[in-house]
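As C-alpha coordinates, the structure follows; a few thoughts come after it.
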Amino acid sequence: MLNAQQDHSSHCRICNEPISAFMSFGRMPIANGFLTDEEIPNEYFFDLAPAFCGNCSMVQLIDQPQPDKMFHANYAFYSSTSRYMQLHFEAFAKTVMADVLPGRADPFVVELGSNDGIMLRHFQERGIHHLGIEPSVNVADVARARGIRTVSAFFNRKLADDIVAEHGRADVMLAANVMCHIPDLSGVAAGAQRLLKPDGVFIFEDPYLGDMIAKTSYDQIYDEHVFIFSATSIARAFASHGLELVDVAPQITHGGSMRYTLAPKGSRAATPRVAEQLTKERAQGLDKAETYFQFKQNCENSRASLMKTLNALREQGKRVVGYGATSKSTTVTNYCGITPQHVEFISDTTPIKQGKLSPGAHIPVRPYTEFVGAYPDYALLFAWNHAAEIREKEQAFIAAGGQWIVYVPDVKVIS
Ligand code: JHZ
Ligand code: ZN
(Lines give C-alpha, C1' and ligand atoms only; values in the text may rest on other atoms or scores of the structure.)
(Ligands and ions follow the chains in the order given, each with its own letter.)
Protein backbone atom coordinates (compact mmCIF):
# COMPACT_ATOMS: atom_id res chain seq x y z
CA MET A 1 0.00 0.00 0.00
CA LEU A 2 1.20 3.46 -0.80
CA ASN A 3 0.96 5.86 2.08
CA ALA A 4 1.27 9.63 2.16
CA GLN A 5 4.97 9.59 2.89
CA GLN A 6 5.75 7.09 0.14
CA ASP A 7 3.45 8.52 -2.50
CA HIS A 8 5.53 11.58 -3.17
CA SER A 9 6.57 12.61 -6.64
CA SER A 10 9.97 13.65 -7.76
CA HIS A 11 11.74 14.25 -11.05
CA CYS A 12 13.17 11.78 -13.52
CA ARG A 13 16.92 11.40 -13.05
CA ILE A 14 17.33 11.31 -16.84
CA CYS A 15 14.87 13.74 -18.43
CA ASN A 16 13.70 15.75 -15.42
CA GLU A 17 9.97 15.16 -15.99
CA PRO A 18 7.85 14.70 -12.84
CA ILE A 19 7.56 11.07 -11.74
CA SER A 20 5.84 9.24 -8.89
CA ALA A 21 6.26 5.78 -7.41
CA PHE A 22 4.04 3.04 -8.83
CA MET A 23 4.53 1.01 -5.63
CA SER A 24 6.55 0.84 -2.44
CA PHE A 25 8.34 -2.20 -1.04
CA GLY A 26 8.24 -0.45 2.33
CA ARG A 27 10.92 0.38 4.84
CA MET A 28 14.10 -1.15 3.52
CA PRO A 29 17.67 -1.42 4.83
CA ILE A 30 20.88 -1.35 2.75
CA ALA A 31 20.77 -4.59 0.72
CA ASN A 32 24.39 -5.49 1.50
CA GLY A 33 24.23 -4.03 5.01
CA PHE A 34 24.98 -7.27 6.88
CA LEU A 35 25.28 -6.39 10.55
CA THR A 36 26.03 -7.53 14.09
CA ASP A 37 23.62 -7.52 17.05
CA GLU A 38 25.25 -4.35 18.39
CA GLU A 39 24.64 -2.52 15.12
CA ILE A 40 20.88 -3.15 15.10
CA PRO A 41 19.90 0.09 16.92
CA ASN A 42 21.69 2.18 14.26
CA GLU A 43 20.49 0.26 11.22
CA TYR A 44 19.67 2.59 8.33
CA PHE A 45 16.32 2.35 6.54
CA PHE A 46 14.80 4.15 3.55
CA ASP A 47 11.64 3.84 1.50
CA LEU A 48 12.20 1.49 -1.45
CA ALA A 49 9.85 2.90 -4.08
CA PRO A 50 10.31 2.47 -7.83
CA ALA A 51 8.89 4.87 -10.42
CA PHE A 52 8.40 4.73 -14.18
CA CYS A 53 9.01 7.87 -16.26
CA GLY A 54 6.23 8.20 -18.82
CA ASN A 55 8.42 10.50 -20.87
CA CYS A 56 11.70 8.57 -21.29
CA SER A 57 10.58 5.12 -19.99
CA MET A 58 13.33 4.90 -17.35
CA VAL A 59 12.43 2.76 -14.32
CA GLN A 60 14.18 4.19 -11.27
CA LEU A 61 14.09 4.58 -7.50
CA ILE A 62 12.53 7.68 -6.02
CA ASP A 63 14.93 7.63 -3.06
CA GLN A 64 18.38 6.15 -2.94
CA PRO A 65 20.77 6.15 0.02
CA GLN A 66 24.04 8.08 -0.34
CA PRO A 67 26.58 6.07 -2.41
CA ASP A 68 29.05 5.88 0.48
CA LYS A 69 26.40 4.03 2.55
CA MET A 70 26.43 1.28 -0.08
CA PHE A 71 29.93 1.14 -1.61
CA HIS A 72 32.71 1.38 0.92
CA ALA A 73 35.67 -0.39 2.45
CA ASN A 74 33.50 -3.29 3.63
CA TYR A 75 31.44 -3.86 0.50
CA ALA A 76 30.06 -7.38 0.91
CA PHE A 77 29.74 -8.54 -2.69
CA TYR A 78 32.77 -10.17 -4.33
CA SER A 79 32.08 -10.94 -7.98
CA SER A 80 34.23 -14.04 -8.14
CA THR A 81 32.07 -16.07 -5.71
CA SER A 82 30.34 -17.86 -8.58
CA ARG A 83 32.17 -20.23 -10.93
CA TYR A 84 29.60 -19.61 -13.67
CA MET A 85 30.08 -15.85 -13.37
CA GLN A 86 33.84 -16.32 -13.75
CA LEU A 87 33.19 -18.18 -16.99
CA HIS A 88 30.70 -15.53 -18.09
CA PHE A 89 33.21 -12.70 -17.66
CA GLU A 90 35.95 -14.67 -19.37
CA ALA A 91 33.59 -15.08 -22.35
CA PHE A 92 32.67 -11.37 -22.22
CA ALA A 93 36.37 -10.40 -22.27
CA LYS A 94 37.06 -12.78 -25.16
CA THR A 95 34.15 -11.36 -27.16
CA VAL A 96 35.64 -7.88 -26.77
CA MET A 97 39.10 -9.15 -27.78
CA ALA A 98 37.69 -10.86 -30.86
CA ASP A 99 35.17 -8.24 -31.99
CA VAL A 100 36.59 -4.86 -30.98
CA LEU A 101 40.34 -5.01 -30.36
CA PRO A 102 41.69 -6.47 -33.63
CA GLY A 103 43.37 -3.84 -35.80
CA ARG A 104 43.87 -1.41 -32.93
CA ALA A 105 47.42 -0.49 -31.97
CA ASP A 106 48.04 -0.78 -28.21
CA PRO A 107 44.34 -0.67 -27.29
CA PHE A 108 43.25 0.78 -23.97
CA VAL A 109 40.42 -0.89 -22.05
CA VAL A 110 38.68 0.78 -19.11
CA GLU A 111 36.20 -0.97 -16.85
CA LEU A 112 33.82 0.84 -14.52
CA GLY A 113 33.08 -1.01 -11.26
CA SER A 114 35.75 -3.61 -11.91
CA ASN A 115 35.17 -5.21 -8.47
CA ASP A 116 37.80 -7.90 -7.75
CA GLY A 117 39.03 -7.90 -11.36
CA ILE A 118 36.87 -10.81 -12.51
CA MET A 119 36.83 -9.48 -16.10
CA LEU A 120 39.89 -7.23 -16.39
CA ARG A 121 42.22 -10.05 -15.38
CA HIS A 122 41.80 -11.51 -18.85
CA PHE A 123 43.11 -8.30 -20.42
CA GLN A 124 45.86 -7.97 -17.82
CA GLU A 125 47.01 -11.57 -18.43
CA ARG A 126 47.45 -10.76 -22.14
CA GLY A 127 49.38 -7.58 -21.44
CA ILE A 128 46.59 -5.32 -22.71
CA HIS A 129 46.65 -1.73 -21.43
CA HIS A 130 43.78 -1.59 -18.91
CA LEU A 131 42.40 0.41 -16.04
CA GLY A 132 39.75 -0.58 -13.49
CA ILE A 133 37.67 1.98 -11.63
CA GLU A 134 36.29 0.61 -8.39
CA PRO A 135 35.17 2.78 -5.45
CA SER A 136 34.81 -0.12 -2.98
CA VAL A 137 38.36 -0.31 -1.66
CA ASN A 138 38.28 -3.86 -0.27
CA VAL A 139 37.26 -5.48 -3.55
CA ALA A 140 39.61 -3.15 -5.48
CA ASP A 141 42.48 -4.34 -3.26
CA VAL A 142 41.83 -7.93 -4.37
CA ALA A 143 42.19 -6.76 -7.99
CA ARG A 144 45.36 -4.76 -7.24
CA ALA A 145 46.88 -7.78 -5.52
CA ARG A 146 46.35 -9.68 -8.79
CA GLY A 147 48.28 -6.98 -10.66
CA ILE A 148 45.21 -5.35 -12.20
CA ARG A 149 45.65 -1.58 -12.41
CA THR A 150 42.73 -0.14 -10.41
CA VAL A 151 41.79 3.31 -9.09
CA SER A 152 39.35 3.59 -6.21
CA ALA A 153 37.03 6.39 -7.25
CA PHE A 154 33.58 7.11 -8.67
CA PHE A 155 33.61 7.69 -12.43
CA ASN A 156 32.53 11.13 -13.66
CA ARG A 157 33.56 13.87 -16.13
CA LYS A 158 36.49 14.96 -14.00
CA LEU A 159 37.89 11.44 -13.62
CA ALA A 160 37.39 10.87 -17.37
CA ASP A 161 39.55 13.95 -18.07
CA ASP A 162 42.21 12.78 -15.60
CA ILE A 163 42.33 9.36 -17.24
CA VAL A 164 42.64 10.88 -20.72
CA ALA A 165 45.49 13.09 -19.47
CA GLU A 166 47.37 10.12 -17.99
CA HIS A 167 46.56 7.27 -20.37
CA GLY A 168 44.98 8.76 -23.47
CA ARG A 169 41.51 7.94 -24.77
CA ALA A 170 39.93 4.51 -24.48
CA ASP A 171 39.16 2.07 -27.26
CA VAL A 172 36.69 0.24 -25.10
CA MET A 173 34.78 1.05 -21.96
CA LEU A 174 33.19 -1.85 -20.14
CA ALA A 175 30.82 -2.17 -17.22
CA ALA A 176 28.90 -5.14 -15.85
CA ASN A 177 26.21 -4.74 -13.23
CA VAL A 178 27.47 -1.26 -12.53
CA MET A 179 25.72 1.31 -14.70
CA CYS A 180 22.35 0.62 -13.08
CA HIS A 181 23.96 1.54 -9.73
CA ILE A 182 24.95 5.08 -10.72
CA PRO A 183 22.36 7.78 -10.00
CA ASP A 184 24.20 10.39 -12.08
CA LEU A 185 23.92 8.36 -15.26
CA SER A 186 24.15 11.55 -17.31
CA GLY A 187 27.49 12.37 -15.67
CA VAL A 188 28.79 8.93 -16.61
CA ALA A 189 27.48 9.26 -20.17
CA ALA A 190 29.21 12.65 -20.44
CA GLY A 191 32.39 11.10 -19.02
CA ALA A 192 32.15 8.25 -21.53
CA GLN A 193 31.79 10.75 -24.36
CA ARG A 194 35.06 12.41 -23.25
CA LEU A 195 36.97 9.22 -22.54
CA LEU A 196 36.11 7.24 -25.69
CA LYS A 197 38.04 7.51 -28.93
CA PRO A 198 35.89 8.60 -31.90
CA ASP A 199 35.78 4.94 -32.98
CA GLY A 200 35.58 3.59 -29.41
CA VAL A 201 32.71 1.60 -27.93
CA PHE A 202 31.06 1.46 -24.56
CA ILE A 203 29.70 -2.01 -23.74
CA PHE A 204 27.78 -2.66 -20.57
CA GLU A 205 25.29 -5.14 -19.18
CA ASP A 206 22.78 -5.02 -16.36
CA PRO A 207 19.69 -6.90 -15.16
CA TYR A 208 17.03 -6.41 -17.82
CA LEU A 209 13.67 -4.79 -17.17
CA GLY A 210 11.86 -7.05 -19.65
CA ASP A 211 12.90 -10.14 -17.66
CA MET A 212 12.01 -8.52 -14.35
CA ILE A 213 8.50 -7.70 -15.58
CA ALA A 214 7.97 -11.08 -17.26
CA LYS A 215 9.19 -13.09 -14.24
CA THR A 216 7.98 -10.84 -11.40
CA SER A 217 11.60 -10.87 -10.20
CA TYR A 218 10.99 -7.81 -8.04
CA ASP A 219 14.06 -8.64 -5.98
CA GLN A 220 16.17 -6.89 -8.64
CA ILE A 221 14.85 -3.73 -7.00
CA TYR A 222 17.03 -2.68 -4.05
CA ASP A 223 19.06 0.33 -2.96
CA GLU A 224 22.03 -0.28 -5.27
CA HIS A 225 19.89 -0.64 -8.38
CA VAL A 226 18.79 2.92 -8.86
CA PHE A 227 17.76 2.06 -12.45
CA ILE A 228 16.37 -1.01 -14.16
CA PHE A 229 17.23 -0.57 -17.85
CA SER A 230 15.62 -1.46 -21.14
CA ALA A 231 16.87 -0.83 -24.68
CA THR A 232 14.22 1.88 -24.95
CA SER A 233 15.41 3.81 -21.88
CA ILE A 234 19.12 3.33 -22.65
CA ALA A 235 18.81 4.56 -26.23
CA ARG A 236 17.08 7.72 -24.99
CA ALA A 237 19.36 8.36 -22.01
CA PHE A 238 22.58 8.22 -24.06
CA ALA A 239 21.32 9.99 -27.18
CA SER A 240 21.60 13.37 -25.49
CA HIS A 241 25.30 12.67 -24.87
CA GLY A 242 26.09 11.87 -28.49
CA LEU A 243 26.17 8.11 -27.91
CA GLU A 244 24.02 5.80 -29.96
CA LEU A 245 22.75 2.32 -29.11
CA VAL A 246 24.26 0.16 -31.86
CA ASP A 247 23.76 -3.36 -30.52
CA VAL A 248 21.95 -5.36 -27.85
CA ALA A 249 22.56 -8.93 -26.71
CA PRO A 250 20.40 -10.72 -24.10
CA GLN A 251 22.31 -12.59 -21.35
CA ILE A 252 21.11 -15.31 -19.00
CA THR A 253 23.12 -13.98 -16.05
CA HIS A 254 21.48 -12.45 -12.98
CA GLY A 255 18.13 -13.89 -13.92
CA GLY A 256 18.09 -12.16 -17.31
CA SER A 257 20.34 -9.30 -18.33
CA MET A 258 20.94 -7.21 -21.44
CA ARG A 259 24.27 -6.18 -22.93
CA TYR A 260 24.19 -2.76 -24.63
CA THR A 261 26.81 -1.44 -27.06
CA LEU A 262 27.01 2.32 -27.49
CA ALA A 263 29.16 4.25 -29.92
CA PRO A 264 29.69 7.91 -30.82
CA LYS A 265 26.78 8.89 -33.06
CA GLY A 266 27.42 8.11 -36.71
CA SER A 267 30.59 6.09 -36.05
CA ARG A 268 29.03 2.69 -36.76
CA ALA A 269 25.75 1.29 -38.04
CA ALA A 270 23.27 -0.21 -35.58
CA THR A 271 22.61 -3.93 -35.97
CA PRO A 272 19.03 -5.00 -36.81
CA ARG A 273 18.83 -6.40 -33.26
CA VAL A 274 18.37 -2.90 -31.86
CA ALA A 275 15.17 -2.14 -33.80
CA GLU A 276 13.89 -5.66 -33.08
CA GLN A 277 14.42 -5.21 -29.35
CA LEU A 278 12.71 -1.82 -29.32
CA THR A 279 9.69 -3.36 -31.09
CA LYS A 280 9.63 -6.24 -28.62
CA GLU A 281 9.69 -3.81 -25.69
CA ARG A 282 6.73 -1.88 -27.08
CA ALA A 283 4.83 -5.13 -27.48
CA GLN A 284 5.60 -6.00 -23.84
CA GLY A 285 4.32 -2.59 -22.75
CA LEU A 286 7.60 -1.49 -21.13
CA ASP A 287 6.75 2.07 -22.20
CA LYS A 288 3.31 2.07 -20.53
CA ALA A 289 2.37 2.91 -16.94
CA GLU A 290 -0.30 0.13 -16.82
CA THR A 291 2.46 -2.48 -17.09
CA TYR A 292 3.90 -1.31 -13.78
CA PHE A 293 0.57 -1.33 -11.96
CA GLN A 294 0.11 -4.91 -13.11
CA PHE A 295 3.67 -5.68 -11.92
CA LYS A 296 2.75 -4.32 -8.49
CA GLN A 297 -0.23 -6.66 -8.37
CA ASN A 298 2.00 -9.56 -9.42
CA CYS A 299 4.46 -8.72 -6.61
CA GLU A 300 1.67 -8.76 -4.05
CA ASN A 301 0.46 -12.13 -5.32
CA SER A 302 3.99 -13.53 -5.21
CA ARG A 303 4.46 -12.31 -1.64
CA ALA A 304 1.15 -13.83 -0.50
CA SER A 305 2.00 -17.15 -2.07
CA LEU A 306 5.53 -17.32 -0.63
CA MET A 307 4.33 -16.45 2.88
CA LYS A 308 1.55 -19.04 2.65
CA THR A 309 4.18 -21.67 1.88
CA LEU A 310 6.59 -20.54 4.60
CA ASN A 311 3.86 -20.21 7.24
CA ALA A 312 2.56 -23.70 6.46
CA LEU A 313 6.06 -25.18 6.81
CA ARG A 314 6.58 -23.34 10.07
CA GLU A 315 3.34 -24.79 11.44
CA GLN A 316 4.49 -28.25 10.41
CA GLY A 317 7.76 -27.69 12.28
CA LYS A 318 9.89 -28.09 9.15
CA ARG A 319 13.43 -26.75 9.01
CA VAL A 320 13.89 -24.11 6.30
CA VAL A 321 17.31 -22.60 5.50
CA GLY A 322 17.99 -19.78 3.03
CA TYR A 323 20.54 -20.42 0.28
CA GLY A 324 22.66 -17.39 -0.70
CA ALA A 325 22.58 -14.14 1.29
CA THR A 326 22.08 -12.15 -1.90
CA SER A 327 21.40 -8.44 -2.14
CA LYS A 328 18.12 -9.44 -3.74
CA SER A 329 17.11 -11.43 -0.64
CA THR A 330 17.03 -8.22 1.39
CA THR A 331 14.08 -7.01 -0.67
CA VAL A 332 12.35 -10.40 -0.44
CA THR A 333 12.75 -10.90 3.31
CA ASN A 334 11.77 -7.34 4.21
CA TYR A 335 8.92 -6.94 1.71
CA CYS A 336 7.41 -10.35 2.51
CA GLY A 337 8.05 -10.28 6.27
CA ILE A 338 10.27 -13.36 6.43
CA THR A 339 11.73 -13.78 9.94
CA PRO A 340 14.19 -16.14 11.67
CA GLN A 341 11.06 -18.12 12.68
CA HIS A 342 10.52 -18.91 8.99
CA VAL A 343 14.15 -19.26 7.94
CA GLU A 344 16.59 -20.62 10.55
CA PHE A 345 19.68 -19.19 8.87
CA ILE A 346 21.02 -18.24 5.44
CA SER A 347 23.94 -20.24 4.10
CA ASP A 348 26.55 -18.19 2.22
CA THR A 349 30.10 -18.81 1.03
CA THR A 350 31.24 -15.17 1.42
CA PRO A 351 33.37 -14.86 4.59
CA ILE A 352 32.49 -11.17 5.16
CA LYS A 353 28.77 -12.03 5.41
CA GLN A 354 29.17 -15.04 7.72
CA GLY A 355 28.46 -14.57 11.42
CA LYS A 356 26.43 -11.44 10.62
CA LEU A 357 22.68 -10.89 10.47
CA SER A 358 20.80 -10.28 7.26
CA PRO A 359 19.76 -6.63 6.78
CA GLY A 360 16.39 -5.74 8.29
CA ALA A 361 15.09 -9.28 8.78
CA HIS A 362 18.07 -10.20 11.03
CA ILE A 363 18.29 -13.80 9.91
CA PRO A 364 21.74 -15.20 10.84
CA VAL A 365 24.14 -15.78 7.94
CA ARG A 366 26.22 -18.93 8.41
CA PRO A 367 28.98 -20.66 6.49
CA TYR A 368 28.06 -23.17 3.83
CA THR A 369 29.52 -25.99 5.96
CA GLU A 370 26.52 -25.63 8.30
CA PHE A 371 24.13 -26.28 5.43
CA VAL A 372 26.02 -29.37 4.34
CA GLY A 373 26.59 -30.51 7.94
CA ALA A 374 22.86 -30.86 8.72
CA TYR A 375 20.63 -30.56 5.68
CA PRO A 376 17.32 -28.79 6.36
CA ASP A 377 13.97 -30.08 5.04
CA TYR A 378 13.74 -27.13 2.66
CA ALA A 379 16.16 -24.60 1.19
CA LEU A 380 14.75 -21.25 0.12
CA LEU A 381 16.73 -20.39 -3.00
CA PHE A 382 17.57 -16.70 -2.59
CA ALA A 383 20.38 -17.08 -5.16
CA TRP A 384 17.83 -18.22 -7.79
CA ASN A 385 19.87 -16.58 -10.56
CA HIS A 386 22.59 -19.20 -9.90
CA ALA A 387 20.07 -22.08 -9.90
CA ALA A 388 21.84 -24.10 -12.60
CA GLU A 389 25.18 -23.99 -10.78
CA ILE A 390 23.64 -24.62 -7.38
CA ARG A 391 21.32 -27.47 -8.32
CA GLU A 392 24.23 -29.21 -10.00
CA LYS A 393 26.30 -28.78 -6.84
CA GLU A 394 23.59 -29.77 -4.37
CA GLN A 395 22.49 -33.15 -5.65
CA ALA A 396 23.27 -34.71 -2.28
CA PHE A 397 20.79 -32.38 -0.58
CA ILE A 398 18.01 -33.63 -2.87
CA ALA A 399 19.18 -37.23 -2.45
CA ALA A 400 18.87 -36.73 1.31
CA GLY A 401 15.20 -35.79 0.83
CA GLY A 402 15.68 -32.01 0.74
CA GLN A 403 13.49 -29.75 -1.38
CA TRP A 404 13.96 -26.31 -2.91
CA ILE A 405 11.56 -23.44 -2.45
CA VAL A 406 11.78 -21.01 -5.38
CA TYR A 407 9.78 -17.84 -6.04
CA VAL A 408 10.86 -16.74 -9.53
CA PRO A 409 8.93 -16.79 -11.80
CA ASP A 410 6.37 -18.49 -9.50
CA VAL A 411 6.41 -19.78 -5.96
CA LYS A 412 7.08 -23.52 -6.15
CA VAL A 413 8.51 -26.36 -4.09
CA ILE A 414 10.74 -28.57 -6.20
CA SER A 415 13.10 -31.46 -5.66
P1 JHZ B 1 24.38 -12.85 -6.39
C2 JHZ B 1 25.11 -8.51 -6.45
O3 JHZ B 1 23.78 -8.94 -6.25
C4 JHZ B 1 25.25 -7.08 -6.04
P5 JHZ B 1 23.47 -10.25 -5.43
C6 JHZ B 1 25.24 -6.10 -7.14
N7 JHZ B 1 24.46 -4.97 -6.74
C8 JHZ B 1 24.64 -6.57 -8.40
O9 JHZ B 1 24.19 -5.80 -9.21
C10 JHZ B 1 24.68 -8.00 -8.70
O11 JHZ B 1 25.44 -8.73 -7.78
C12 JHZ B 1 25.29 -8.25 -10.02
C13 JHZ B 1 26.41 -16.77 -2.44
N14 JHZ B 1 26.55 -18.07 -3.06
O15 JHZ B 1 25.45 -13.18 -7.34
C16 JHZ B 1 27.47 -15.77 -2.83
C17 JHZ B 1 26.62 -19.19 -2.26
O18 JHZ B 1 26.58 -19.08 -1.02
O19 JHZ B 1 23.04 -13.46 -6.70
C20 JHZ B 1 26.74 -14.46 -2.78
O21 JHZ B 1 26.72 -13.95 -1.47
N22 JHZ B 1 26.77 -20.39 -2.87
C23 JHZ B 1 26.64 -5.68 -7.44
O24 JHZ B 1 24.08 -10.14 -4.10
C25 JHZ B 1 25.30 -14.84 -3.16
O26 JHZ B 1 25.16 -16.23 -2.88
C27 JHZ B 1 26.80 -20.55 -4.23
O28 JHZ B 1 26.91 -21.68 -4.73
O29 JHZ B 1 21.99 -10.47 -5.49
C30 JHZ B 1 25.03 -14.64 -4.64
O31 JHZ B 1 24.81 -13.30 -4.91
C32 JHZ B 1 26.69 -19.38 -5.05
C33 JHZ B 1 26.68 -19.50 -6.54
C34 JHZ B 1 26.55 -18.16 -4.42
O35 JHZ B 1 24.28 -11.31 -6.35
ZN1 ZN C 1 12.48 10.47 -17.82
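Residues of segment 50-74 being more than 16 Å from ligand 2 (Cβ to nearest atom), of a type outside the set (D, E, K, R) and either in contact with a strand residue (DSSP E or B) (Cβ under 9 Å, 6 or more places away or on another chain) or not in a helix (DSSP H, G or I) (or both), which ones?
Answer for segment 50-74, where residues must be more than 16 Å from ligand 2 (Cβ to nearest atom), of a type outside the set (D, E, K, R) and either in contact with a strand residue (DSSP E or B) (Cβ under 9 Å, 6 or more places away or on another chain) or not in a helix (DSSP H, G or I) (or both): Pro65, Gln66, Phe71, His72, Ala73, Asn74.
Kindly indicate whether Tyr222 is within 16 Å of ligand 1 (Cβ to nearest atom) and over 11 Å from the mean Cα position of the chain (by Cα).
Values: within 16 Å of ligand 1 (Cβ to nearest atom): yes; over 11 Å from the mean Cα position of the chain (by Cα): no.
It is false that Tyr222 is within 16 Å of ligand 1 (Cβ to nearest atom) and over 11 Å from the mean Cα position of the chain (by Cα).
Scanning segment 207-240 for residues that are polar (S, T, N, Q), part of a loop (DSSP other than H, G, I, E, B) and more than 16 Å from ligand 2 (Cβ to nearest atom), which turns out surrounded by the most Cβ atoms within 10 Å (Cβ to Cβ)? Give the steps one after another, and end with the answer.
We begin by selecting, within segment 207-240, every residue polar (S, T, N, Q); these are 216-217, 220, 230, 232-233, 240.
Pick out the ones that are also part of a loop (DSSP other than H, G, I, E, B) and you get 216-217, 230, 240.
If we keep only those that are more than 16 Å from ligand 2 (Cβ to nearest atom) as well, we get 216-217.
Working: Thr216: 21, Ser217: 23.
Among them, the one singled out is Ser217.
Please verify whether Ile352 is part of a loop (DSSP other than H, G, I, E, B), more than 15 Å from ligand 1 (Cβ to nearest atom) and of a type in the set (A, V, I, L, M), treating the condition exactly as stated.
Spelling it out, it is not the case that Ile352 is part of a loop (DSSP other than H, G, I, E, B), more than 15 Å from ligand 1 (Cβ to nearest atom) and of a type in the set (A, V, I, L, M).
Of (1) at pLDDT 95 or above; (2) surrounded by 17 or more Cβ atoms within 10 Å (Cβ to Cβ); (3) outside any helix (DSSP H, G or I); (4) not charged (D, E, K, R), Phe154 satisfies all except one. Which?
For Phe154, the failing item is (1).
Among the numbered criteria (1) in contact (Cβ under 8 Å) with a residue 60 or more places away in the chain; (2) under 19 Å from Glu166 (Cβ atoms), which one does Phe89 miss?
(2)
Confirm whether Ala190 is among the small types (Gly, Ala, Ser) and within 20 Å of His225 (Cβ to Cβ). Let's see the steps before the verdict.
Numbers: among the small types (Gly, Ala, Ser): yes; within 20 Å of His225 (Cβ to Cβ): no.
Criteria not met by Ala190.
Regarding segment 364-385, can at least one residue be identified that is basic (Lys, Arg), within 9 Å of ligand 1 (Cβ to nearest atom) and either outside any helix (DSSP H, G or I) or in contact with a His (Cβ under 8 Å, 6 or more places away or on another chain) (or both)?
No, segment 364-385 contains no residue that is basic (Lys, Arg), within 9 Å of ligand 1 (Cβ to nearest atom) and either outside any helix (DSSP H, G or I) or in contact with a His (Cβ under 8 Å, 6 or more places away or on another chain) (or both).
If a residue must be charged (D, E, K, R), farther than 16 Å from Phe71 by Cβ and either within 16 Å of ligand 1 (Cβ to nearest atom) or in a loop (DSSP other than H, G, I, E, B) (or both), how many such residues does segment 100-139 contain?
Of the residues in segment 100-139, 3 are charged (D, E, K, R), farther than 16 Å from Phe71 by Cβ and either within 16 Å of ligand 1 (Cβ to nearest atom) or in a loop (DSSP other than H, G, I, E, B) (or both).
Which of the residues belonging to segment 306-349 are among the small types (Gly, Ala, Ser), assigned to a loop (DSSP other than H, G, I, E, B) and either touching a residue at least 40 places away in the same chain (Cβ under 8 Å) or closer than 19 Å to Lys412 by Cβ (or both)? Step through it out loud before you land on a result.
First pass over segment 306-349, keeping only residues among the small types (Gly, Ala, Ser): 312, 317, 322, 324-325, 327, 329, 337, 347.
Still in the running and assigned to a loop (DSSP other than H, G, I, E, B): 317, 324-325, 337.
Within segment 306-349, Gly324, Ala325 qualify.
Within segment 373-405, track down each residue that is of a type in the set (A, V, I, L, M, F, W, C), over 13 Å from Arg319 (Cα atoms) and surrounded by fewer than 19 Cβ atoms within 10 Å (Cβ to Cβ).
Ala387, Ala388, Ala396, Ile398, Ala399, Ala400
Determine whether segment 264-272 contains at least one residue that is among the small types (Gly, Ala, Ser), in contact with a Leu (Cβ under 9 Å, 6 or more places away or on another chain) and either under 30 Å from Ala237 (Cα atoms) or crowded, with 16+ Cβ neighbours inside 10 Å (or both). Talk me through it step by step, then tell me what you get.
If we filter segment 264-272 for residues that are among the small types (Gly, Ala, Ser), which is where we start, we get 266-267, 269-270.
Those still in the list that are in contact with a Leu (Cβ under 9 Å, 6 or more places away or on another chain) too: 270.
Among the residues that remain, those that are also either under 30 Å from Ala237 (Cα atoms) or crowded, with 16+ Cβ neighbours inside 10 Å (or both) are: 270.
Yes, segment 264-272 contains at least one residue that is among the small types (Gly, Ala, Ser), in contact with a Leu (Cβ under 9 Å, 6 or more places away or on another chain) and either under 30 Å from Ala237 (Cα atoms) or crowded, with 16+ Cβ neighbours inside 10 Å (or both).
Counting just the residues of segment 75-105 that are in contact with an Asp or Glu (Cβ under 9 Å, 6 or more places away or on another chain) and under 17 Å from Leu196 (Cα atoms), which one comes out nearest to ligand 2 (Cβ to nearest atom)?
Val100
Restricting to segment 386-396, and then to whatever is within 16 Å of Met85 (Cβ to Cβ) and over 23 Å from the mean Cα position of the chain (by Cα), can you tell me which residue is farthest from ligand 1 (Cβ to nearest atom)?
Only one residue tops the list, namely Glu392.
Listed residues Phe89, Phe45, Phe52; which is within 16 Å of ligand 1 (Cβ to nearest atom) and not aliphatic (A, V, I, L, M)?
On the way: Phe45 fails: within 16 Å of ligand 1 (Cβ to nearest atom); Phe52 fails: within 16 Å of ligand 1 (Cβ to nearest atom).
It is Phe89.
Among (1) away from ligand 1 (no atom under 16 Å from the Cβ); (2) touching a helix residue (DSSP H, G or I) at 6+ places or on another chain (Cβ under 8 Å); (3) not in a helix (DSSP H, G or I), which single condition is Ser10 missing?
Status for Ser10: all satisfied but (2).
The values are calculated or read from the model by the stated rules, or taken from the named source; none is laboratory data. Predicted model only: the values in this text are computed from it and were never measured. Cβ atoms come from the backbone with ideal geometry, glycine included; neighbour counts cover every protein chain shown.
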